[in-house]
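Student: Attaching a single structure in structure tokens format; questions to follow.
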Ligand SMILES: [Zn+2]
């Protein structure tokens, strides 16, 4: 029986996958096509999780507020300068929320998956 040629690491030691080769010298788990499918599914789950996160939803909401403020500024005469200041404050908050999120993401990614 042909053995899968994938090399794996356990306790800092390399060992060869014990599964039977299925196609191109790889088992069903380690074939590049199967890996690509799993990776894509994993990315989709990660993106969906991110879309559900309070930080992401907050940033979407803040961007929408900025867009609406800009629209109001376009429609109104006079108060544009004041609205521009408020827009800058909101944009700063978005940047801070995203920076915080990225910082906590890079921390959790080091320990995760
Ligand atoms: Zn394998």
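Any read-out appearing in this document is the output of simple, stated calculations on the displayed coordinates, not a laboratory observation. Because the structure is predicted, anything quoted here is derived from the model rather than measured. Neighbour counts run over all protein chains shown; Cβ positions are idealised from the backbone, glycine included.
Student: Springs between alpha-carbon pairs under 10 angstrom, Gaussian network model over the chain: which of 101, 57, 16 fluctuates most?
Tutor: So, out of 101, 57, 16, the one fluctuating most is 16.
Student: Where does each of 13, 6, 91 land when they are ranked from fewest to most other beta-carbon atoms within 10 angstrom?
Tutor: 13, 91, 6
Student: Contact order normalised by length for the chain, with contacts defined as Cα pairs under 8 Å and 6 or more residues apart; what percent is it? Display every interim value, and only then the final one.
Tutor: Details: 78 pairs, mean separation 17.3, N = 113.
Relative contact order, the chain: 15 percent.
Student: What does the C-alpha gyration tensor say about the overall shape of the range 1-50? Classify as rounded when a/c is under 1.5, otherwise prolate if a/b is larger than b/c, or oblate. Intermediate results must be reported in sequence, preceding the final value.
Tutor: Values: a/c = 4.36, a/b = 1.66, b/c = 2.62.
Oblate, because a/c is 1.5 or more while a/b does not exceed b/c.
Student: If you don't mind, another one. Using the 10 angstrom Cβ neighbour count as an exposure proxy, how do 72, 65 rank, fewest first? Show your work: numbers first, answer last.
Tutor: On the way: 72 12, 65 15.
Ordered from fewest to most neighbouring Cβ atoms within 10 Å, 72, 65 come out as 72, 65.
Student: Follow-up. Going by the alpha-carbon gyration tensor, a ≥ b ≥ c the square roots of its eigenvalues, is the chain rounded (a/c under 1.5) or, if a/c is not under 1.5, prolate (a/b greater than b/c) versus oblate? If you can, show how the numbers build up before the last one.
Tutor: Numbers: a/c = 6.17, a/b = 3.25, b/c = 1.90.
Cα axes put the chain in the prolate bin.
Student: Continuing with this model, one more query. Arrange the following residues from fewest to most other Cβ atoms within 10 Å of their Cβ: 12, 56.
Tutor: Numbers: 12 5, 56 16.
Listing 12, 56 from fewest to most nearby Cβ atoms yields 12, 56.
Student: Using helices alone, what [θ] at 222 nm do you get for the chain, with -39,500 (n - 2.57) per DSSP H run of 4 or more residues, divided over all residues and rounded to the nearest 500? If you can, show how the numbers build up before the last one.
Tutor: Numbers: 3 runs with 75 residues, N = 113.
That calculation yields -23500 deg cm²/dmol at 222 nm.
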